[in-house]
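Heads up, the thing below is written out as structure tokens.
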Amino acid sequence: MKLNPYLHFNGNCQAAFAYYVKHLGAKLVMSMTYADAPPTAEQGDCTGAAKDKIMHARLELDGNILMGSDAPPQFYQKPTGLSVSINVTDPKEAERIYAALSEKAEIRMPLGETFWAHRFAMLSDQFGTPWMINCEKERA
């Protein structure tokens with residue numbers, strides 16, 4: 001069994017995933033818009049503003065998967081009570097990731113040393129995704 005974070009965006013999934021590809025080194029493996037889906041009896045063809053929004057996308061990064069989509073406006077909720085945690089072994093990599101994700105972000109805890117980590121930070125990026133960046137110290 002594997003657990004994979006699935007992020008819901010408020011119309012900016014494509015921009016967020018493009019940003020993560022560029023700055024995290026992820027690979028976009030799959031992406032489809034609502035217009036790519038076959039019509040259904042209940043909803044017919046997808047037209048209007050939603051047609052170009054992301055129905056499902058998947059990134060891969062070092063064997064990890066991050067998925068996401070644009071939630072229909074009536075179902076979107078700002079993420080609370082969770083974070084996507086990035087764990088690295090090199091403090092310089094933590095600093096690089098923090099620099100990228102902190103652009104236009106809401107910083108909850110700036111990158112710094114803690115009793116358990118060489119570097120640790122908490123933020124919500126410009127797309128509303130909550131992140132933790134963690135570079136743990138070795139335990140004796």
Any hit, the range 57-75, residues being surrounded by 14 or more Cβ atoms within 10 Å (Cβ to Cβ), among the basic types (Lys, Arg) and within 21 Å of Asn4 (Cβ to Cβ): yes
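When you look at Ala100, is it out of contact with any Ser or Thr (no Cβ under 7 Å at 6 or more places or on another chain) and within 15 Å of Tyr19 (Cα to Cα), yes or no? Reasoning before the result, please.
Working: out of contact with any Ser or Thr (no Cβ under 7 Å at 6 or more places or on another chain): yes; within 15 Å of Tyr19 (Cα to Cα): yes.
It is true that Ala100 is out of contact with any Ser or Thr (no Cβ under 7 Å at 6 or more places or on another chain) and within 15 Å of Tyr19 (Cα to Cα).
From the list Ile65, Ile133, exactly one residue is more than 16 Å from Ala18 (Cα to Cα) and out of contact with any His (no Cβ under 9 Å at 6 or more places or on another chain). Which is it?
Going through Ile65, Ile133 in turn, the sole match is Ile133.
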Of all residues in the range 26-54 being surrounded by 14 or more Cβ atoms within 10 Å (Cβ to Cβ) and part of a loop (DSSP other than H, G, I, E, B), the one that is modelled with the highest pLDDT: Ala26
Residue in the range 86-96 that is over 16 Å from Ile133 (Cα atoms) and at pLDDT 95 or above present: no
Every residue from the range 93-140 that is within 18 Å of the chain's Cα centre (by Cα) and among the basic types (Lys, Arg): Arg96, Lys104, Arg108
Qualifying positions in the range 80-131 - in a helix (DSSP H, G or I) and surrounded by 12 or more Cβ atoms within 10 Å (Cβ to Cβ): Pro91, Glu93, Ala94, Glu95, Arg96, Ile97, Tyr98, Ala100, Leu101
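The values are calculated or read from the model by the stated rules, or taken from the named source; none is laboratory data. Note that the structure is predicted; figures quoted are calculated from it, not measured. When we count neighbours, we look across all protein chains shown, and the Cβ atoms used for this are built from the backbone with ideal geometry, even at glycine.
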